[in-house]
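Only the coordinates and a few stated rules stand behind these numbers; no lab work does. Nothing here was measured: the structure is a model prediction, and the numbers come from that model. Note that each Cβ is placed from the backbone with ideal geometry, even for glycine, and that neighbours are counted across all protein chains shown.
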Amino acid sequence: MNIAPDNKKRISNMKQQLALVSLVVGSVAVFMSASVLAHHSFAAEFDADRPIELTGTVTEMRWSNPHGWIYIDVEDEHGDVVNWALETRAANGLIRRGWRKDDLPAGTVLKVEGWQARNGSPTASVFSITFTDGKTLFAGTSNPAVPEN
Amino acid sequence: MLARSLISLMLISGAVSAQSLPRTTEGSPNLQGIWQVANRASYNIEDHVARHDMPAGRGVVDGGEIPYQAWALEQRNANFSARAAADPLSKCYLPGVPRMMYMEFPFHIFQTNDHVAITFEWQQVFRLIYANGEPPMYPGIEAWMGHSRGRWEGDVFVVDVTDHNDSTWFDAAGNFHSDAMQLTERYTMLDKDTIEYAVSIDDPQVFTRPWTMRMELHRQTKMDRILEYQCQAEVEEANGDFERDERVWYPAPIPDDNAPFDAAAGSPLPQLSVPAEVSRLADGTPDISGYYMADAGGANYGLEARERDFLMPASRGQVVDPPDGRLPYQTWAREESNDRALPHRGYDDPTAHCFVAGVPRSHYVPSPFFILQPPGYVVVLHERMSWRQIPLDGRAHLPDQMRLWQGDSVGRWIDDTLVVESKNFNGKAWLNEAGDVISHAQTVVETFTPTGADQVIYRATVADPIAYTRPWTIEMPFNSQDEELLEVACLEDNGDLQHLKDVRDEYRARQQEEN
C-alpha cells in the first residue's frame, strides 16, 4: 500500500483505514449505514447462487462513479487467464477517504470473495478484497448491502 | 480647455457605464441570470463553411487558427473525419469546459459571495466555481468538467479550470486537448445584458503556444427559467432501450378502477423548532447553504421499513404519514412495485441508465448535494450531476403540458422553513431501487427546516392520485459537512447496464419460449 499523504484530511482518513485494517479480515458482522453510491440494483445484477472466490493480479483500476472497477487476471482450472471485473464502491467515496489512483498499481495480487453477475460474465460484486498479507483493501467493498468492515 | 472637458466627459461616461452594470451588494458585477451564446462555436471554433449537420460559422479563436503541433493537427484532422462516431458528445458524454459554455443551450448563472454556480439546460450539467479563496480540498482529481476556482480581479471574474481529463473535445469538428490542459476564463460584463467570455488555453502537449477564444454571452431576457434536455434519456427513448410506461408517464389517466383519492387525509406531524443559533442571511432568512448528505437510512432501497435481502440493503423506513409507515398504494401500483423488485426489472430503473433521479429521490440516491442561496433562489446541486433551481419570487408553475424529469419547483420561506412545491413531472422517475412507484400526476411539497447549525430536517409530502389513495410524507435529516463536491460521470463509465439488460432479455426470451 503506497501511502503518499498529500493533505491533512487524507492523513486522518488513512489513520482510520489503518485502524480498520486491524479488525478481523473478512468479518461482515458489523453493519453500518454506509454512504455508498449505488445507482442500480445489485440484487438484479448479481446472483446469490454464484458465490466466487478468486485470487488474481490487478491489471487496471477504473476510478469511476457511481462505482469503480478493479480488473484482475485470474488463472482458471485449464490454465487460461481470465480478466475479471470487480465492482467497487464509488471512486468519490474512496477519494474522500484518502485513497488515490496510485494506491492500487497494476501487478498487485488480490484475493476476493463475492458473487458473480447473473449473465455469467466474469464480473463480480465483492464483499471482501484483501492483499496477500491479509490486509483489507478499501475497507471491504462494493455494494450497499455489505457493511464497511 | 476643450480637451480637458472632453477627457472629463469621457471619464464621466466611463463611470456611468461602469455604474450601470448590475452589481451585488458587495459591489461585484452581478452575473446572475440566464445566458447563451449566439455563435456556431460548438460546431467548430475555427472559421468553417457549411456541411451536413454543421451550419457555417465564424471562428472564435484570437488570430484565427489554433496553434497545433504538427502531430496534433493530423490528429485533429483524423478526428474531423471520424467525428460522427468519435465526438464524445455523440454519446451524450460530459462536454467539458469550455465546450459546455458555447453549446446551443441556455444556462443560468447564480452568484453568492463564495460561489458561482452555473446550471446548464443540457443534461442537467452544472459547474460549481469555488470563489472563497480556500485551496481546493481535492487537488489533482481529474474530471470531465475539470475543477474551477474563481476570484474577482476588479470587475472581471477570473476562473482557473484545472484537472481536466483528455476525453473531451472543444467542438464537433474534432479540436482537442490533452489532460495537461489548464484554462483561464475571464467573465467581463460589457453591459447589463452582455458578458465577454474569454478563455485562454495552455496545453504544451498539444499546442505550440497558449491561445485564446473570445465570444459574447447574451442575457436571455425573455426566459424566466431554463428547461431540460436529457440527452441520453432522449436517445434511449428514441431507440427503444428505455421503454415507455403508459401507466405513469405523462399523460397517463387515472385508472378507472382506482380507489378514490382522499386528498384531505393526513396526520399532523410534530412541529420542528428552529434554534436561535441558526445562522441567517442579510435578509433574515436562515442560511442553509453548504454541502449536505442525507441520513437517508436506506430510502434508496425502500421507503417502507424492510430487512436486508441478499444485495438489497435494509431500510429503516422513512414514511411518517400514514402513521403505520406504509405507502398508501393503489392495488395496481403495489403489485407493480413488487414486480419491479424482481431481477429482470432492474434494467427499468432510470438511475441504472444514469438518468436524473427526480424528486424527492435526488436527495437520497444516495449522493451528496450542495445548497446555494443566491438572491431570489435556492439552488441545489446534486453530485450525481443534476440540479434543482427553486425561485422564491412567487411565480406560477409552468403550463401543464410542460413536463420535466425534475418537475417545476417554486418555493417560499414560511417563518424559518423553506417550503417548495413541485409539479409538472413527466412520470419517468422511480422512487428508489426497490421500484416504489410515482407518476406524472405527483405534486410534491417539501419542507427544509434548519434544526441545528449543521442539520436540516427534510420532509416531502407526495400527492399522486394515479399511484396512491391519499397523500404520504417521508422525513429524514440532511447533515452538513465541511466538504466539496466531486464529479459523478455516471454514463461515461456505466459498466452495469449491459448486465441488467442481459438479465431482462434472458427473462423475456424464456417467457416467449414458455408461451
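Each residue of segment B:468-484 in order: what ³J(HN,Hα) in whole Hz does its phi give by Karplus 6.51 cos²θ - 1.76 cosθ + 1.60, θ = phi - 60°, with x for Gly and Pro?
Karplus values, whole Hz, x for Gly and Pro: 10, 9, 6, x, 9, 10, 10, 9, 7, x, 9, 9, 8, 9, 7, 9, 10.
What is the total of Lys pairs in chain B with C-alpha atoms under 22 Å apart, excluding same-chain pairs fewer than 8 positions apart?
The result is 4.
Which whole-angstrom value gives the distance between the alpha carbon centres of segment A:113-131 and segment B:124-166?
Rounded to whole Å, the Cα centres lie 37 Å apart.
Evaluate E = 1/(1 + (r/R0)^6) for B:Leu21 and B:Asp415, where r is the Cβ-Cβ distance and R0 equals 30 Å; express this FRET efficiency to the nearest 0.05.
Working from the Cβ atoms, E equals 0.25.
Just for the Cα atoms in segment A:48-143, what are the lengths along the principal axes, largest first, rounded to whole Å?
If we take the Cα atoms of segment A:48-143, the spans are 40, 26, 21 Å.
Under 5 Å between amide hydrogens, which residues at least 5 positions from B:Gln220 or on another chain qualify, with H placed 1.01 Å from N in the peptide plane?
The list, which skips near neighbours in sequence, is B:Ile34, B:Trp35, B:Gln36.
So which DSSP H runs in chain B come out at 24 Å plus along the axis (Cα) with average Kyte-Doolittle of at least 0.5?
B:2-19
Starting from the Cα gyration tensor of chain B, take the square roots of the eigenvalues, sort them a ≥ b ≥ c, and report rounded, prolate or oblate (rounded when a/c is under 1.5, otherwise prolate if a/b is larger than b/c, else oblate).
oblate
Contact order normalised by length for chain B, with contacts defined as Cα pairs under 8 Å and 6 or more residues apart; what percent is it?
Computed over chain B, the figure is 14 percent.
Please compute the length gained on full extension between B:Ser81 and B:Thr451, using 0.36 nm multiplied by the number of residues separating them and subtracting their Cα-Cα distance.
Contour length minus Cα-Cα distance gives 127.4 nm.
Net charge within 13 Å of B:Asp408 by Cβ-Cβ distance, Lys/Arg positive one each and Asp/Glu negative one each, not counting B:Asp408 itself?
Computed value for this residue: +1.
Modelling each spin label as a point 7 Å along the Cα-to-Cβ direction, I'd like the B:His218/B:Lys91 distance in nm, to one decimal.
In this crude spin-label approximation the distance works out to 3.5 nm.
Determine the shielding of peptide B:304-315 by partner chains: average, over its residues, the number of Cβ atoms on other chains within 10 angstrom of each Cβ.
If you average over the peptide's residues, the count of other-chain Cβ atoms is 5.
Go ahead and estimate [θ] at 222 nm for the protein assembly as shown from helices alone: -39,500 (n - 2.57) per DSSP H run with n ≥ 4, summed, over the residue count, rounded to 500.
Value at 222 nm, helices only: -4500 deg cm²/dmol.
What shape does segment B:206-307 take by its C-alpha gyration tensor, where a ≥ b ≥ c are the square roots of the eigenvalues and a/c under 1.5 counts as rounded, a/b above b/c as prolate, and the rest as oblate?
oblate
Looking only at other chains, what is the average number of their beta-carbon atoms within 10 angstrom of each beta-carbon in B:485-494?
Mean shielding count: 5.
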